[in-house]
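One structure is given below, encoded as structure tokens.
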Amino acid sequence: MLKDLRRLLQGETKTKETKEEFDWEEKNRELIALIRTRKVDEAVKLGQELLDYVDRKYKKDSREKATTYNNMGMAFLLAKEYALARECFEQALEMRKRIFGENHNEVAVILLNLSQLYRVQAQEIMVLNRVETTE
């Protein structure tokens, strides 16, 4: 699955860095805004640029890398690319566990995002099968 994500990213993002330094925090805020406003295509494109950047610039377990994978998972969730969303969330979860430990709020956030992914998938299956959901 991660190979598919890497292949997708390598095929669709050939980021050209300008002379100015890539501002991860600014781009991350832009990505969050795109996700909140449900601008799916733009969010996926920017998220892929961010993933490419953090994979090149940050060590294996960094806060920035884990956050980017989490946010990219949300973008893929909105795009209904559930397998890619799950892979991103799982990568973020493993990184945050190594950085913060098992029982940290940063880990809980990823677990909640995974549960949201599974809830959306379950609801779609139930709709396909015409089953009423109760909340």
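Would you call L112 assigned to a helix (DSSP H, G or I), over 23 Å from E49 (Cβ atoms) and out of contact with any Gly (no Cβ under 7 Å at 6 or more places or on another chain)? Spelling it out, L112 is indeed assigned to a helix (DSSP H, G or I), over 23 Å from E49 (Cβ atoms) and out of contact with any Gly (no Cβ under 7 Å at 6 or more places or on another chain). Inside segment 88-107, residues that are under 15 Å from the mean Cα position of the chain (by Cα) and either of a type in the set (D, E, K, R) or exposed (fewer than 12 other Cβ atoms within 10 Å of the Cβ) (or both) make up a count of 4.
Cβ separations smaller than 9 Å between residues 6+ apart or across chains give the following pairs from segment 108-135 residues that are modelled with pLDDT under 95 and of a type in the set (V, I, T) to residues that are in a helix (DSSP H, G or I) and surrounded by 12 or more Cβ atoms within 10 Å (Cβ to Cβ): T133/A122; T133/Q123; T133/M126. Being in contact (Cβ under 8 Å) with a residue 40 or more places away in the chain, in contact with a Phe, Trp or Tyr (Cβ under 7 Å, 6 or more places away or on another chain) and over 17 Å from R63 (Cα atoms) is the filter here, so list the residues in segment 74-103 that pass it. Matches in segment 74-103: L84 only.
Annotation: of all residues in segment 59-101 being in a helix (DSSP H, G or I), touching an Asp or Glu at 6+ places or on another chain (Cβ under 9 Å) and among the small types (G, A, S), the one that is farthest from I125 (Cα to Cα) is A66.
Within the span defined as segment 65-85, one or more residues are within 22 Å of D23 (Cα to Cα), in contact with a helix residue (DSSP H, G or I) (Cβ under 7 Å, 6 or more places away or on another chain) and among the charged types (D, E, K, R).
In the set (1) buried (at least 20 other Cβ atoms within 10 Å of the Cβ); (2) at pLDDT below 95; (3) not polar (S, T, N, Q), the condition left unmet by E25 is number (1).
What do you reckon, is A33 modelled with pLDDT of 95 or more and either crowded, with 17+ Cβ neighbours inside 10 Å or touching a Pro at 6+ places or on another chain (Cβ under 7 Å) (or both)?
Values: modelled with pLDDT of 95 or more: yes; either crowded, with 17+ Cβ neighbours inside 10 Å or touching a Pro at 6+ places or on another chain (Cβ under 7 Å) (or both): no.
So A33 does not fit the description; no.
Among K97, K45, which is farther than 19 Å from E25 by Cα, charged (D, E, K, R) and in contact with a helix residue (DSSP H, G or I) (Cβ under 9 Å, 6 or more places away or on another chain)?
Details: K45 fails: farther than 19 Å from E25 by Cα.
From the options K97, K45, the qualifying one is K97.
The values are calculated or read from the model by the stated rules, or taken from the named source; none is laboratory data. Because the structure is a prediction, the values reported are computed rather than measured. Ideal geometry is used to build each Cβ from the backbone, glycine not excepted, and the neighbour counts take in all protein chains shown.
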